[in-house]
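*Asks:* Please read through the structure below; I'll follow up with questions.
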Amino acid sequence: MKLYITDPSPYARKCRIVLRERGLIDGCEEVRVDPYASDPALVAANPVAQVPALVTDDGTVINDSPLICAWLDARGVSGAPLIPAGEAQWPVRSLEALADAGLEMGVKWVLEKRRPEAERSPTWIARWQTGLGRVLDQLEAQHLKAEPLDLGVVTTGVLLTWLDFRHPEYDWKNGRPGLEILQSDLEVRSSFAETGPR
């Protein structure tokens, strides 16, 4: 397998963590690419030149981090499944979607910050910050723990550390002690320590 990644991408990090937690990393080449340069290998795998993109051993291409993570988790050879079977999967997937929504707000904010200052929209920035704050408050209210690990918890941890990386001025820890503890507990796991954003 080949997984196209960038080191700063939180979406790629989710997949990289699943590879490690489910014992698949030895069978996967992590290929670092520059999406903004429209790397030909990445474009061949994903026409919109976004990471992550997974190419399986039989040449099947899978894009979108929730789909990639689900595919990898279903083929895990070690560790407990990160997406439970049956009805138990829905709370986990809902949590993943909530944390992904927080990432979406944060990514939009990053893109706005990259515009020339005179072109930035304070209205949109405020809207994304408000949405992100509501996501974090909902995550705090769920009293999440690092064990047992599931894909919703993984995505939440990825969100928190990515916020520190991309928005260090944003004090998400204020009033959210549970999330702060969760982040600390997750980041000592080898799968997290090996994949931190940089």
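*Asks:* Return the residue satisfying two criteria in turn: it lies in the range 105-125 and is in contact (Cβ under 8 Å) with a residue 40 or more places away in the chain and more than 14 Å from the chain's Cα centre (by Cα), and of such residues it is surrounded by the most Cβ atoms within 10 Å (Cβ to Cβ).
*Replies:* Per the criteria, the residue is 109.
*Asks:* Follow-up. Whether any residue in the range 179-189 is in contact (Cβ under 8 Å) with a residue 24 or more places away in the chain, touching a Ser or Thr at 6+ places or on another chain (Cβ under 9 Å), surrounded by fewer than 22 Cβ atoms within 10 Å (Cβ to Cβ) and among the charged types (D, E, K, R) is what I want to check.
*Replies:* yes
*Asks:* Also, quick follow-up: Under 8 Å by Cβ, and 6 or more places apart or on different chains, what pairs join a residue from the range 29-48 that is under 20 Å from residue 16 (Cβ atoms) with one that is among the small types (Gly, Ala, Ser) and part of a helix (DSSP H, G or I)?
*Replies:* Hits for this filter: 31/41; 33/41.
*Asks:* Next question, about the same structure. Does the range 140-153 include one or more residues that are outside any loop (DSSP other than H, G, I, E, B), surrounded by fewer than 22 Cβ atoms within 10 Å (Cβ to Cβ) and over 17 Å from the mean Cα position of the chain (by Cα)?
*Replies:* Yes, because at least one residue in the range 140-153 is outside any loop (DSSP other than H, G, I, E, B), surrounded by fewer than 22 Cβ atoms within 10 Å (Cβ to Cβ) and over 17 Å from the mean Cα position of the chain (by Cα).
*Asks:* Could I ask something else about it? Could you look through the range 31-76, keep only residues that are in a strand (DSSP E or B) and surrounded by fewer than 16 Cβ atoms within 10 Å (Cβ to Cβ), and pick out the one that is farthest from the chain's Cα centre (by Cα)? Reasoning before the result, please.
*Replies:* Start the filter on the range 31-76 by keeping residues that are in a strand (DSSP E or B), which leaves 31-32, 53-55, 61-63.
Add one more test, that the residue is surrounded by fewer than 16 Cβ atoms within 10 Å (Cβ to Cβ), and what stays is 32, 61.
On the way: 32: 16, 61: 19 Å.
Filtering the range 31-76 for residues that are in a strand (DSSP E or B) and surrounded by fewer than 16 Cβ atoms within 10 Å (Cβ to Cβ), the one farthest from the chain's Cα centre (by Cα) comes out as 61.
*Asks:* Within the range 77-104, which residues are over 17 Å from residue 152 (Cα atoms) and either aliphatic (A, V, I, L, M) or surrounded by 15 or more Cβ atoms within 10 Å (Cβ to Cβ) (or both)?
*Replies:* Matches in the range 77-104: 77 only.
Just so you know, all these numbers are worked out from the coordinates, no wet-lab data involved. Predicted model only: the values in this text are computed from it and were never measured. Cβ coordinates were reconstructed from backbone atoms using ideal geometry, including for glycine residues, and neighbour counts include every protein chain displayed.
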